[in-house]
Structure formats: structure tokens, C-alpha cells
1. Being within 26 Å of Ala130 (Cβ to Cβ) and touching a residue at least 40 places away in the same chain (Cβ under 8 Å) is the requirement here; does Glu74 meet it?
2. Of everything in segment 336-374, what is polar (S, T, N, Q), in contact (Cβ under 8 Å) with a residue 12 or more places away in the chain and loosely packed, with under 13 Cβ neighbours inside 10 Å? Give them in sequence order.
3. For Pro138, all conditions in the list (1) in contact (Cβ under 8 Å) with a residue 40 or more places away in the chain; (2) farther than 23 Å from Phe287 by Cα; (3) surrounded by 15 or more Cβ atoms within 10 Å (Cβ to Cβ) hold save one; what is the number of the exception?
4. Of the residues Ser145, Ser190, which single one is assigned by TED's automatic domain parsing to the domain that holds Leu45 and either more than 26 Å from the chain's Cα centre (by Cα) or among the hydroxyl-bearing types (Ser, Thr, Tyr) (or both)?
5. Go through the residues of segment 371-381 one by one and say whether even a single one is in contact with a His (Cβ under 8 Å, 6 or more places away or on another chain) and either assigned to a helix (DSSP H, G or I) or among the charged types (D, E, K, R) (or both).
6. When you go through (1) among the aliphatic types (A, V, I, L, M); (2) closer than 30 Å to Ala274 by Cβ; (3) out of contact with any Asp or Glu (no Cβ under 9 Å at 6 or more places or on another chain) one by one for Ala230, which number turns out not to apply?
7. For Ala198, work out the one condition from (1) out of contact with any helix residue (DSSP H, G or I) (no Cβ under 7 Å at 6 or more places or on another chain); (2) in contact (Cβ under 8 Å) with a residue 24 or more places away in the chain; (3) assigned to a helix (DSSP H, G or I) it doesn't fulfil.
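The values are calculated or read from the model by the stated rules, or taken from the named source; none is laboratory data. Since the model is a prediction, treat every value here as computed from it, not as a measurement. Ideal geometry is used to build each Cβ from the backbone, glycine not excepted, and the neighbour counts take in all protein chains shown.
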Amino acid sequence: MNAENPYDQQEYPGSPRPQAHPRRLRTHAWLHGHRAAELAGARVLELGCGDAQHLIWLASEFPQMRLVGVDLAESGVRRGRDIARAAGLKVELHACDLRAIDAGWGEFDYIIAHGVYSWVPPAVRDALLAVCAERLAPAGVAFVSYNTLPGGHMRRLLEDMLTYHVRDMAAPAERMLAARDFAQRLVAWSAEGEPERAVLAAECQRLLEMTPAGLYHDALADINTPLLFADFAAHAARHGLAYLAEAHFSDAERIWLNPNFADEVAQLASGRVAREQYADFARMRRFRQTLLVHADVGVSAVPLVAAVRDMAVAARLTAGEPGASGARSFSDGKNGSISIADPARAHLMEVLAQMAPARLPFADAARFTGARDEEALADLARFFLVLYSAGMAELELDRTPIACVVAERPAVTAYARWQVGQGAAVATLRGQVLEIEDALSRALIGLLDGQRDVADIAHALAAQVRTQNLPLPPALESSPDHADLEALLAARLPEKLAELARVGLLVEAGA
């Protein structure tokens, strides 16, 4: 073990990242006119994979993918191998410097580097982009995340103070505790006074909401270098790579949907990179998750409305009561709400809300709204782009094998079964994280391997209740001596399984 590697000193538990799923990368490439590789059999390389939970999550859906991870921290790679083994999933993990990657590793259709570029020395940043350029297949897409300016200046205000405060502390636990204590003091000290203090207090609140690993490896990192997007794009260009889009569609596209902003920026800047840089200035952006392609690949600078017609939309929405004008309001409970006056569009939103988590192909949506001519179809496609940019819907080129109806032998992914066995939150195939609070539900999810019907599940669940003293819900606790426990569980299972289907946790057979 490399004792000087901070990721060996303080582990950084991984997690699935839906924004870095090849499905998302392929969808965004398609929106910009680029035909990236099909998902089945795709080759994926992750640089700085940590314990590889993102790759293991992918393996649970795509066992035929070649999934390769590289990380300098031996402890993370070792944990990843243990997790993959326990879940029965195949990934290829290497504890080595990314500069060791050469032509012998082959080509990759998708390369992912999340949380690496801004946190390594300049020579390694250069090597990272060199790997992307040299190992990316001709139609490949690379994902690189990094901290950006101007928003990074606000982050630096606090990080400089924290670095000074913990300068004489070596132990990770001591540094994290001292940093949190100091941030709380700064919040109190900044309660009144100049506007600058309010900015500092907001940064402190961000820090106090961080996980311990995020605090140690981000706010207290020895290296954390934000940069202008224009400088990142120039660095990528020196390696023959070009900007495609952002992995979070709303991050890049929402601001451009405002025609006034687009017109004003056009007066200040020419070229896509410069326009994106001005958008960062307007938003005080601090973080990007950028998609890159080879520079000789032609891509559209704006999302192609026609490309939406090849896709499907999924949305988890709640419909409000009609207003005085008859408009209907729809909310996703997280990113906001939208008011729809057009009856056909409102009906479409109701359909999406009712069929979640299922997806609705564009052609079916067109039939629901009566869109037939080219102008109406283009208008519907633009409407879907607005929903996507607002974070209220998901566009998919390739379908996610979520089971919306409970199968005879219901299943969750092998990765989800491993997660629930750790007492951890569980990730759906779309990356939604579900907190499973009660032990009986966790035991149920652990049994959903696609090999058992309801009777088998009830039998196995009843055995676990008896041997592990699992707490029962009140309705089952009232059963005298649990004499009919198995029958009672079997009677309740269809409702519980339907609930798991509604939240998108169940998967289709073979997924």
C-alpha cells in the first residue's frame, strides 16, 4: 500500500453516477449528431475508478461489456474486486498509474474520468487527456469532470482558510473534525456584516453538508485546481479532442433556451467555446462534466430537434389541480414545476405521470398529442428538450430494462442485492438512490434474484424472520405466534413488489 496516497489513508466509497452512464453519453452524442457505439458489447475504461462501484453497477446491467478500471490507490481497487466478487459480477481492475496505459490495453468506446482532472498534478492531467485521445475509439466519447472558474474562486475562499487551519494536523479524522468545527465558527462569525460574509457562510454550509470522504478529498485536498472552461477546451484540443456537450443536459443547455441571453452572448463572443465560457461567467459556474470526442468528428453545436424523434421520454411527475385558467401544473418534487395550458400536452404529462417509471416513445407521444405535420412534431420535440433541460424528464435513446410489471419471478440487479446486504441505499438502473429503511424490506430485496416466485420468496423471507429476529410491521406482529407467517407474507408480497416496481427497482428477466 502507498502510505502517502490520501485515498489509501481515507477511503472514498464509490457510487453509481447516472451522468457518466454510457447510455447518457450515447444519448447526448446522438442529440448532437454523433453516432456513438451501441451499448451491448461496448468497451468502457474508467480512470480513477476508486472501488469501481460505478463499473460494477454497469456490469449488473451489461455483463457483456468490457469494463476496465484504473486507480492508483490499492485499497480502493482491492475493495472493488471484493465487491464484484461478492456480487458475482465481472470487472477488470488495475492498481496502477494511468500513465501506464498503452496500446496493449486496446481501444475503448467510452472513457470516464470523474473527480480526477482537477485533483492531480499538471503532468497527470496531461496524461489523462493523452489516454483519452490515444485509447478512445474513432466514434468514442470521453467524460471528464473538473472544477471551473469563476465559481471556483468562491470555493477557494473557504479552502484557503481551512488549509491554514489544519496545517499542522496529519490524521484524516483530526483534519475533518477540525475543518467542520472551523466552518461552523465561520458561519457564526458571518451572521452579520458585509455581503462577502454571506458568500463565505454559504460556502461553509456547502462544506458542512459534504460526506466525510468528500470533505477530506475535495475541500482539504492538497491539489484542487479549478480552471476556465476555455482553458480546459484548449488543453483538450492540443490532444486532438473537441467539445461535444455536457453530461448534465440542463447544465449546458437551459441557459441557451433563453433567446435574449443567446443574442447577447453572440454579440460578445464567436465560436462555441467562447460562448460556453460566457455562459459560465453568467452562472458563476464551479463544476463541469464535459463530454469530448475526437476533433475530426463532426458534431452539432446545438441539440438537434430531429434527434429527439428517435428517443423516448420518462418522467416521475405529480399533477396538480387545474388553475383558474384551466392550466395544469406538474411537479417532479425536486427540480420545480411546469404549467401546461394546452389540453393535449397536459394529457401527455398525465400519461407520463401514470406510466412511470416506464418510458414513452416519441411516436406514441405524438399520437397522444395529435402531432402529425413536421412543424407540430418539431414543436413536440422542443417541448421534450425543455422538460429535459429543466431536469423534469429523462430522454433515452436506448431503453432501460426496468420491469414496470411484477414478473412471476421478480428480480433486482445483483449490485442492488449486494448494496442492500451492506445496509446501504440501493440504486436503480436509472441511478435513482432509494433509502430502504426497514430490515424486512431489505431482506426481501436481497431475495429477488429472478429464481423465486412469490411462494418461494415468502418461504425464504419467513425463515429469515425467524432465524434473524427481523422486526415485523404492525399488521403482521398482531398474528398470534406468527403461526401463519408465511401465508401472511405471501398475501402482502404482491403489494410490496408492485411498490418496488413503481420506484423502478425491479428489472426485466435477464437484466
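1. Yes; evaluated as a whole, the condition is true for this residue.
2. Ser339
3. The single condition Pro138 does not satisfy is (3).
4. Working: Ser190 fails: assigned by TED's automatic domain parsing to the domain that holds Leu45.
From the options Ser145, Ser190, the qualifying one is Ser145.
5. Of all residues in segment 371-381, those in contact with a His (Cβ under 8 Å, 6 or more places away or on another chain) come to none.
Taking every residue of segment 371-381 in turn, none turns out to be in contact with a His (Cβ under 8 Å, 6 or more places away or on another chain) and either assigned to a helix (DSSP H, G or I) or among the charged types (D, E, K, R) (or both).
6. So the condition that Ala230 fails would be (3).
7. Exception for Ala198: condition (2).
Yes/no per residue for (1) buried (at least 19 other Cβ atoms within 10 Å of the Cβ); (2) hydrophobic (A, V, I, L, M, F, W, C); (3) at pLDDT 90 or above:
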| position | (1), (2), (3) |
| --- | --- |
| Pro474 | no, no, no |
| Ala483 | no, yes, no |
| Pro494 | no, no, yes |
| Glu499 | no, no, yes |
| Leu506 | yes, yes, yes |
